[in-house]
Each structure stands twice: as structure tokens, then as C-alpha cells.
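J.: Structure incoming, see below.
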Amino acid sequence: MPLLPPRIRVVSLPALAAVVTVVLWASAFIGIRALGDSFSPGSMAFVRLLAAVVPLTAIMLVVRLRRRGIVVDDRPVPAWFPRGRALGLVIAYGVAWFAGYTVLLNWAEQHLDAGTASLLVNLAPILVALAAGAFLGEGFPRHLVIGMAIAFAGVVLIAVGGSATADAHADWFGILLGLGAAVLYATGVLIQKSALRTVGALTATWLGALAGLVATLPFAPAAIAELADADASAVAAVIYLGIGPTAIAFSTWAYALARTDAGAMAATTLVVPAIVIVMSWAILDELPTGIGIIGGVLCIGGVAIARRLLPRTRRGGGVESVAPAGVIDAQGATAVRDSGVR
């Protein structure tokens, strides 16, 4: 069987990695919703992080062993842990994102259907842009203000529309939890963005997950008790959340992000809520209401406008593509400037 041309291989592998990433991230919302009756929010986060840290540690060991056999300019193998400010940043983003975000999202999905939760979480890119405008001197350009207003209108419609499933009503407490998860997601991304200037992506992901695991240790006793009472399928599902949407998805995201245009990768994150809604309908028989779906479309459209993911029409009639100021993955793994990704 002839080999594929090199150009096809180079293009298709990052695209496949991006598809794997968004599907795994979407499946996490379904898994969290399905496990709400078996695990409390904190316990689920602890077991998920434990299941993620184990394979990430194995990957770190393999990478370090391979690097020991390769000498480049007589440079030493990087240390396991960064030092000083870099270590503090990694710990801070790990606690905010891996621990805090995960617990709040688990809690939110006890009040919201999976599709509604994913729509709310995808407001995080706007929150990052607002923080950049307020604290990093990037200001509040017109596209950001317009996108924010549209997205806010979408949140109101989601809250009013609720859920088409009786036991998954989108109450205001669930909406607040979902928005809180989006805030922690955005906070973790902003901190991680600074950490990644001096810490490698794999090391930062591993240490972030480890910091989140330590932060959720108070939930360990409850997790042990709930694991003992849970059936085998629930245990397998929560382990999947750690291995699939966390360890594997972040690895495939990093691979695709390093080999793909930043604008294209940003666009892929916007399809996650759509995948979640389809999966939720097929697996959980849950759907937002029509009004809620319209609100979700407004949220996604607002994010696209705020992050400049939509093409602009030039005066001469041509179409000018606009690259985003930054790229954020659906679970908060990475944020990069478009000038730094090729």
C-alpha cells in the first residue's frame, strides 16, 4: 500500500488531533452530567485528577528518559519542577483550573443539562479579553464590547429558556455556578499564559494537574466511600474523564496547536457546545429548550465577534480574515498569541 504524500500527512495529523481533542472535551460534559448521581462534585474532581496524574506522570518519565539519551549542545535535562515565580504560577493555575473549575463545573451540571453548561463555559474567552483590557493595557475595542453584549443577551436567554428535560432545569443557581466555572477557567488560562513563558507545556500540564489533585485532597475520604458504593460503569466513567478528556486531550491539543494556525484552532473550540448538545441528546436524552439554544448561538456568536474569529469584508468587496488575539482551549489548557504559533 503506497504511503501518503508528505504534504497530506503533515496536514491530516494535526487536523485529526484537533478532532480528537474537541470530541474528548465534549464528552467530558456528558460524563460529568451522567455521574452526578454517583459522585459529589468534589469527589468526582479528585478521582478524575488522580486518573489524569498517573498517565501524565508516565508520559513525563518517558520524555525524560528519551531526552537523557539525546545531548543537544551539552544542555542538561530540564528539572522536574520549575523554580521561584514560575513554580508559583503553575501551582496557582492548577488550583484555579484543575481544582476550582472542575469542582464548580461538576456542581453546575447537577443543576444544568450538559449542553447549557458547555455554552456557559465557552464565555471564558470573553472574560480573558476583559481581563486583558483592564489589567494588561489592551483596552476595550468596539468588537469586544459588541461581542460581550451579544453574549450577555445569550446568557439571559439560556437562563430564561431553561431545559427541555424536567430534571435538568436551568435554575439561576446552576447558571451562577456555570458562570463561576467560566471565571475560574479564564483565571487559570491567564495565569498559565504567564507560566508558559518559562515552563514547557507538558511540564505545566502535569504540575497543574498535580497541584489540582493536592487541592482536592480534602475530598479524598468522601471519594473513597463513593467509589465503594458506585457500580463498575460509574467507576470506569470517572477514570475515563481523567485519562481521556484530561491527559489524552491536552496532549493532542498541544500537538495540533504547535502545527496549526492559531485562528483555525480557535474556531475548533466553538464547535464543542454543538457536539455536547448532540451527544447529550443521543446519550442522556437531554436538550436545552429552543430559547436556550438561541441563547447558546448568541453566546457563541458573541465570543466569535469578541475574539475576532469572523472574517471582515473589505471596502473593495474582498474578505479579510481576522486572527484572534489569543487562543483558549475548551478546558483551559493553553492560551497563546497568534504570532507565537506556526
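J.: Set the Förster distance to 25 Å, then compute FRET efficiency between Ile291 and Arg142 from the Cβ-Cβ distance, nearest 0.05. Please report the intermediate quantities before stating the final value.
T.: Details: r = 28 Å, r/R0 = 1.12.
The computed FRET efficiency comes out at 0.35.
J.: Once you put a point 7 Å from the Cα of Phe81 and another 7 Å from the Cα of Val156, both along the Cβ direction, what distance in nm separates them?
T.: 4.9
Taken together, the values in this text are just the output of simple stated rules run on the coordinates, not laboratory data. Computed from a prediction, not measured in an experiment: that's the story for all the values here. Because the Cβ atoms are built from the backbone with ideal geometry, glycine has one as well, and the counts that use them run over all protein chains shown.
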